[in-house]
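First the structure, in the form of structure tokens, and then the observations on it.
Just so it is clear, none of the values below were taken in a lab; they were calculated from the coordinates. Because the structure is predicted, anything quoted here is derived from the model rather than measured. Note that each Cβ is placed from the backbone with ideal geometry, even for glycine, and that neighbours are counted across all protein chains shown.
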Amino acid sequence: KEIEGVIVPASTHNNKTVEQILNQLVSNNGFVIEKRGIAWFVKKGNEKAAQAPPAKKEPGRVMGKLLDEETGQPLTDVTIRIGNKGTTSDADGVFTITLAAGKYEAEISYVGYGKKIITDIEVRENATAELNITLRREKNTLEGVVVRSSVRRETTAALYTRQKNEAGISNGISREQISALPDKSIGETLKRISGVSTNDNRRVVVRGIAERYNLAMMDGATLPSTDVQVRDFEFDIIPSNLVDNVIVSKTATPDMSFGFGGGLVQINTMGIPN
């Protein structure tokens with residue numbers, strides 16, 4: 001009954017086996033052949049088995065480049081979200097996202113450029129959709145932040161940094177060190193600096209060179225001599241609690257006064273507190 005009413009067109013076959021001929025006759029009618037002993041039987045095949053398996057769906061890709069609208073320069077680390085997937089652009093502004101076939105909406109965001117939404121992005125199986133995007137910089141955005149700070153000049157570390165950066169050889173004493181001493185005047189404090197000695201805690205001798213060959217300055221201004229006969233300055237008239245630091249320069253540099261001979265004592269007073 002399974003083959004009742006089935007009409008097979010007449011055909012001629014040469015140099016073929018019985019199995020080949022029967023397969024050719026029934027293959028287009030949903031039948032299969034089966035050999036039992038010396039006999040061949042024709043029966044209806046399994047429809048489910050005959051159906052081809054559904055083709056595996058291949059994903060597609062969205063690939064593009066992010067550029068600045070004004071400069072045309074690539075934008076790095078831009079955030080791109082398409083569907084439930086996200087990525088960021090590389091150093092060349094390029095990005096790639098793999099997605100199943102369908103229509104999507106893209107959301108692009110970047111600091112200083114705001115947010116951009118692109119709709120109706122069609123992704124096809126095993127195909128690449130190009131999505132090149134330009135972003136416009138938002139107005140009134142902060143171009144940059146500059147953090148400024150000032151070093152505490154009264155610290156010993158600040159004094160050492162200044163000495164290291166100077167062109168000549170110098171030694172000194174900082175406010176931090178002065179405040180720990182019992183000295184009442186700078187005349188007493190100066191003898192604590194390497195290579196410096198004093199006469200009666202007043203006059204300064206730098207590396208054995210007498211006081212008349214040494215200069216004294218306060219806050220960048222040259223101090224006049226306190227002796228009417230020779231060039232000399234008595235440092236005991238300056239209270240130590242008014243001084244921020246003292247630098248003694250022992251070698252000449254182009255920025256020094258023409259009167260430099262043996263040493264230069266630079267006294268820097270405390271600044272106005274902020």
| request: Quick one: among N14, N214, N171, which has the greatest mean-square fluctuation in a GNM of the chain with alpha-carbon springs under 10 angstrom? | output: N14
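Pairs K16/K44; K85/K139; K164/K191; K184/K250: which exceed 28 Å Cα-Cα?
Details: K16/K44 23 Å; K85/K139 30 Å; K164/K191 21 Å; K184/K250 25 Å.
Correct reply: K85/K139.
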| said: Using only the alpha carbons of region 60-135, what is the convex hull's orientation-averaged projected area in square nanometres? | reply: 4.5 nm²
| region 63-71 - phi-based ³J(HN,Hα) in whole Hz, Karplus 6.51/-1.76/1.60, Gly and Pro as x | 10, x, 9, 9, 10, 6, 5, 8, 9
| task | Choose one answer from P254, P59, P74: the residue with the largest mean-square fluctuation in a GNM of the chain with alpha-carbon springs under 10 Å. | result | P254
| request: Tell me which label goes with the value of mean projected area of the Cα convex hull in nm² computed from the coordinates here: [x] 18.7; [y] 25.3; [z] 37.3. | output: [z]
| message | Please report the net charge: other residues with Cβ closer than 9 Å to the Cβ of I108, K and R +1, D and E -1. | response | +2
| query | Sorting L75, L67, L223 on the 10 Å Cβ count, fewest up front, what's the list? | reply | L223, L67, L75
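State which entries of K57/K103; K65/K115; K57/K116 exceed 21 angstrom in Cα-Cα distance in the structure shown. Walk me through the numbers before you get to the answer.
Working: K57/K103 15 Å; K65/K115 16 Å; K57/K116 30 Å.
Long pairs (Cα-Cα over 21 Å): K57/K116.
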| So what is the 222 nm mean residue ellipticity for the chain from helices alone, if each DSSP H run of at least 4 adds -39500 (n - 2.57) and you divide by all residues, rounding to the nearest 500 deg cm²/dmol? | -3000 deg cm²/dmol
| query | Which of the aspartates and glutamates could a cross-linker bridge to K35, judged by Cα under 19 Å and excluding same-chain residues fewer than eight apart? | reply | E2, E19
